[in-house]
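The block underneath contains the structure these notes are about, expressed in structure tokens.
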Amino acid sequence: MVRSTNFSQQPNQKISVEESHDPPFEETYKKLFDDIRTGKASSKVKYQNLFVVEECELPLIDLDQLKGSEFEREECKTKIAKASQEWGFFQVVNHGISQDILWKMRKEQIKLFKKPFHEKMDDKKLNFSAGSYRWGTPSATCLQQLSWSEAFHVPLTDISHSSHFSSLSCTMEQFATTVSELAHKLARILSERMGYKSKYFRETCLPHTCYLRMNRYPACPISPQVFGLMPHTDSDFLTILHQDEIGGLQLVRDGKWISVKPNPEALVINIGDLFQAWSNGVYKSVEHRVVTNRSKERFSTAFFLCPSYDTEIRSCFEPSVYRRFTFREFRQQVQEDVKKFGYKVGLPRFLVSTH
């Protein structure tokens with residue numbers, strides 16, 4: 001069984017599935033690619049929306065200020081809250097995760113993704129939970145719904161309870177422990193700026209509910225006709241992202257798509273849907289996406305601060321913009337919408353005015 005790895009390849013330039021580490025995108029989504037080849041694409045997208053108006057640098061916050069005087073601490077917390085309200089995204093330096101850990105994490109991640117595809121599909125062989133490895137978009141009915149990427153979704157408990165003491169698992173545990181603490185620190189600051197002091201995030205966002213996602217975006221021969229990751233918002237409280245220097249992350253700002261300039265020294269933080277609902281719309285969960293690159297692959301690692309499925313999400317203020325809902329209810333609604341429409345609807349489903 002063989003497949004072409006590139007539309008521009010000649011027929012004799014084939015590579016076996018057993019040897020390749022790339023997911024079989026073209027083979028699996030053959031009908032969608034045939035429509036492109038023959039010009040019969042069922043939904044011809046106007047690709048103007050892929051053209052970025054500008055490249056920008058996210059608000060940059062130095063967390064060393066939290067160790068300074070009371071004035072410096074308050075100034076830093078104000079910057080975090082302001083960026084969360086106005087951008088929904090910001091980046092932090094002096095975040096407490098050493099460059100050595102970040103470097104080792106990236107090195108181990110690359111080694112993992114360079115394994116043959118059939119090995120990555122074998123959860124037991126890699127000591128991950130069933131379904132940890134994901135790629136493409138199973139529900140895609142057109143190229144615009146296909147994510148040209150692969151990822152490992154790993155709950156923190158899979159890491160801490162692993163009996164497989166490999167360099168990957170040890171590095172993941174180091175990374176997850178430090179990034180988890182940073183996420184809780186930021187969540188606490190954001191809640192305190194709303195005048196709400198409690199152990200809510202510590203009590204609801206536990207190791208078995210939070211997870212890491214290691215991402216790889218292979219070079220895409222038909223870029224920009226497919227996304228690396230479809231436009232979406234995150235279904236969590238907070239996401240912390242470590243990305244490489246390639247770039248590709250884009251977000252909506254003032255109604256336009258802008259490209260985020262990579263900063264190798266910084267971690268990218270973004271507000272998720274649950275924090276927007278909890279803050280009664282004060283903090284913004286902003287739509288973002290990853291665009292593909294025709295010649296270069298891209299790597300990133302994300303940490304997601306998630307609560308247990310039974311956690312009730314409710315506004316810290318009244319009257320509430322959103323009705324109360326559990327995380328389970330939110331996830332189920334998202335899955336139903338993706339299956340029905342091909343994309344996530346998200347928070348608008350839970351507005352008080354719609355019920």
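The values are calculated or read from the model by the stated rules, or taken from the named source; none is laboratory data. Keep in mind that this is a model prediction, so the values were computed, not measured. Cβ sites come from the backbone with ideal geometry, for glycine too, and all protein chains shown count toward neighbours.
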With respect to LYS344, determine if the residue is out of contact with any helix residue (DSSP H, G or I) (no Cβ under 9 Å at 6 or more places or on another chain), among the charged types (D, E, K, R) and within 29 Å of THR141 (Cα to Cα).
no
Would you mind telling me which numbered condition in (1) modelled with pLDDT under 95; (2) crowded, with 19+ Cβ neighbours inside 10 Å ALA83 fails?
(1)
Is it true that PHE71 is over 24 Å from TYR283 (Cα atoms) and at pLDDT 95 or above?
no
Find all pairs meeting these conditions: Cβ atoms under 9 angstrom apart; at least six residues apart or on different chains; first residue within the stretch 107-133 and over 17 Å from MET172 (Cβ atoms); second residue among the β-branched types (Val, Ile, Thr).
PRO116/VAL17; PHE117/VAL17; HIS118/VAL17
Would you confirm whether or not the stretch 43-51 contains a residue that is of a type in the set (Val, Ile, Thr), touching a helix residue (DSSP H, G or I) at 6+ places or on another chain (Cβ under 7 Å), part of a helix (DSSP H, G or I) and modelled with pLDDT under 95?
no
Does HIS118 meet the test of being closer than 18 Å to MET214 by Cα and surrounded by 13 or more Cβ atoms within 10 Å (Cβ to Cβ)?
yes
By residue number, the members of the stretch 69-84 that are touching a strand residue (DSSP E or B) at 6+ places or on another chain (Cβ under 7 Å), free of Cβ contacts under 8 Å to residues at least 60 places away in the same chain and more than 17 Å from ARG253 (Cα to Cα) are CYS76, LYS79
Report whether or not SER285 is of a type in the set (Ser, Thr, Tyr), at pLDDT 95 or above, under 20 Å from LEU60 (Cα atoms) and surrounded by 24 or more Cβ atoms within 10 Å (Cβ to Cβ).
yes
